[in-house]
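Undergrad: Sending over a structure as structure tokens; questions will come in a sec.
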Amino acid sequence: MGFMIDFHGHSLLFDPFITGNPKAEHLSPDDLNPSWILATHGHGDHVADVESIATRTEAKLISNYEIVSWFGAKGVKGHPLNHGGKFSFDFGTVKYVNAIHTSSLPDGSYGGNPGGFVIWNEESCFYFAGDTALTKDMELIPMTCPKLDFAILPIGDNFTMGYEDAAIAADMIKCDKIIGCHYDTFGYIEIDHNKAKEAFAAKGKELILMDIGASITL
Ligand code: NI
Ligand code: MN
């Protein structure tokens, strides 16, 4: 996992997992200079580099109360949210939305319940789902947030929804442009890229599969 999004001049880093990631050995967390770090849940493949990057850059962490508190004890500054709540930051509004998953922290501490983020300002809106199953709660997003320009959804199956369910999720959130994540990193979640893209194309939607370390403009 791990996405860096330049949101209208503010760099937001999501679920940083470079250290120990077999697909990211050519990258270094020391090259990332976010102003904010957002963590969906406490699993190691989502928070591995939070402490080192936050300590070096003084980026602030946005996550649930339990995760912000756990990192706060390590000196990381943050802003806690809980499910259904939103807050206006300097870059826009963040709403912490439901995810169906688990969320223990690397040392076994309770990491609260897992979530995802919907983020918007006057110009654009996107959904970063985090690790989640397909859930009817996703239908609440278009009811309670601005229209999504794109969404980042897990598609690797086994630990999260697979691409078939993610294509249904795209319908539920009323979004036609999806960036896939949480696939191919480990053997359990290797997927057939063409089949995944076809599942979205059959619904008139686009699935974008990015190379590790690559960037796109949306
Ligand atoms: Ni997870
Ligand atoms: Mn994960």
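The values are calculated or read from the model by the stated rules, or taken from the named source; none is laboratory data. Please read all numbers here as calculations on a predicted model, not as lab measurements. Ideal geometry is used to build each Cβ from the backbone, glycine not excepted, and the neighbour counts take in all protein chains shown. Please note that ligands, DNA and RNA were not included when accessible areas were found on the heavy atoms of the full protein model with its side chains. Shrake-Rupley method; radii C 1.70, N 1.55, O 1.52, S 1.80 Å.
Undergrad: Scan the stretch 137-179 for residues that are within 16 Å of ligand 1 (Cβ to nearest atom) and touching a helix residue (DSSP H, G or I) at 6+ places or on another chain (Cβ under 9 Å) and jot them down.
TA: LEU153, PRO154, ILE155, GLY156, ASP157, ASN158, PHE159, THR160, MET161, GLY162, ALA166
Undergrad: Also: Which numbered condition in (1) among the small types (Gly, Ala, Ser); (2) closer than 22 Å to HIS10 by Cα; (3) touching a residue at least 12 places away in the same chain (Cβ under 8 Å) is the only one that GLY85 fails?
TA: So the condition that GLY85 fails would be (3).
Undergrad: Something else about it: Among helices (runs of 4 or more DSSP H) lying entirely in the stretch 1-93, which contain 2 or more residues that are away from ligand 2 (no atom under 14 Å from the Cβ) and modelled with pLDDT under 95?
TA: none
Undergrad: Could you list, in sequence order, the residues of the stretch 151-168 that are closer than 12 Å to THR135 by Cβ and open to solvent by 10 Å² or more (accessible area, probe 1.4 Å)?
TA: THR160, ASP165, ILE168
Undergrad: Condition test on LEU134, is it hydrophobic (A, V, I, L, M, F, W, C), open to solvent by 10 Å² or more (accessible area, probe 1.4 Å) and touching an Asp or Glu at 6+ places or on another chain (Cβ under 6 Å)?
TA: yes
Undergrad: Only one of ASP157, ASP137 is more than 14 Å from ASN98 (Cα to Cα) and more than 14 Å from the chain's Cα centre (by Cα); which?
TA: Sole residue among the options that is more than 14 Å from ASN98 (Cα to Cα) and more than 14 Å from the chain's Cα centre (by Cα): ASP157.
Undergrad: Could you give every pair whose Cβ atoms fall below 7 Å, whose first residue belongs to the stretch 3-15 and is of a type in the set (S, T, N, Q), and whose second residue is assigned to a strand (DSSP E or B) and open to solvent by 20 Å² or more (accessible area, probe 1.4 Å), counting only separations of at least 6 or pairs across chains?
TA: Final answer for the pair search is SER11/MET4.
Undergrad: For the stretch 1-53, which positions are open to solvent by 10 Å² or more (accessible area, probe 1.4 Å) and of a type in the set (Gly, Ala, Ser)?
TA: GLY2, GLY9, SER11, GLY20, SER28, SER35, GLY44, ALA48, SER52
Undergrad: Can you tell me which residue in the stretch 185-200 is most open to solvent (accessible area, probe 1.4 Å), limited to those that are of a type outside the set (A, V, I, L, M, F, W, C) and under 21 Å from SER103 (Cα atoms)?
TA: Of everything passing the filter in the stretch 185-200, TYR188 is most open to solvent (accessible area, probe 1.4 Å).
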